[in-house]
Amino acid sequence: MGRGEGFGKIVGQGVRKMKEIFSKEFGADRAIMEDIGMEAKGLEFSEYMPKESLAQQGGYGLALKGPQHDEAWLIFLDMVHNFLPTFEQKAEALHWFPLWRTCSALWSLQAPVE
């Protein structure tokens with residue numbers, strides 16, 4: 001990947017581009033590529049195993065920046081503390097948590113009021 005040669009050149013472009021190249025140039029089955037090459041908004045999924053947490057899966061799919069935990073890291077609340085036992089509670093958290101995280105990040109950037 002570092003030299004930009006051979007297989008490294010292909011995988012160094014990211015999963016989205018890699019799926020496209022494998023399908024067009026090597027005849028790979030696009031459906032299989034979509035199943036094994038997890039990405040959203042052009043970014044690869046984190047190495048977490050979100051299959052146990054519906055809230056974390058939703059967070060990956062709905063995050064503005066792609067599948068990452070910064071905006072909706074709900075696996076701890078969902079799996080460790082069981083604060084989100086119902087589907088409705090998970091959906092509500094996926095609506096409000098990213099807004100709260102964004103607002104709290106913006107508040108932390110403001111200069112202190114004197």
Which condition number does residue 108 fail, the rest of (1) surrounded by fewer than 17 Cβ atoms within 10 Å (Cβ to Cβ); (2) more than 17 Å from the chain's Cα centre (by Cα); (3) modelled with pLDDT of 80 or more; (4) not β-branched (Val, Ile, Thr) being met?
-> (3)
Residue pairs meeting the criteria (Cβ under 7 Å; at least 6 apart or on separate chains; first in contact (Cβ under 8 Å) with a residue 24 or more places away in the chain and closer than 19 Å to residue 62 by Cβ, in the stretch 35-51; second of a type in the set (Asp, Glu) and open to solvent by less than 100 Å² (accessible area, probe 1.4 Å)) | 38/44
Starting from residues that are at pLDDT 85 or above and in contact with a Phe, Trp or Tyr (Cβ under 9 Å, 6 or more places away or on another chain), keep the ones in the stretch 84-101 and report whichever is surrounded by the fewest Cβ atoms within 10 Å (Cβ to Cβ).
-> 89
Hey, could you check the stretch 21-77 for residues that are among the acidic types (Asp, Glu) and at pLDDT 85 or above and say which is farthest from residue 90 (Cα to Cα)?
-> 25
Residues being surrounded by 12 or more Cβ atoms within 10 Å (Cβ to Cβ) and either basic (Lys, Arg) or farther than 18 Å from residue 66 by Cβ (or both): count how many of those fall in the stretch 13-32.
-> 9
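The values are calculated or read from the model by the stated rules, or taken from the named source; none is laboratory data. Because the structure is predicted, anything quoted here is derived from the model rather than measured. Using ideal geometry, Cβ is built from the backbone for each residue, glycine included, and neighbour counts are taken over all protein chains shown. Side chains included, ligands, DNA and RNA excluded: accessible areas come from the protein's heavy atoms. Shrake-Rupley method; radii C 1.70, N 1.55, O 1.52, S 1.80 Å.
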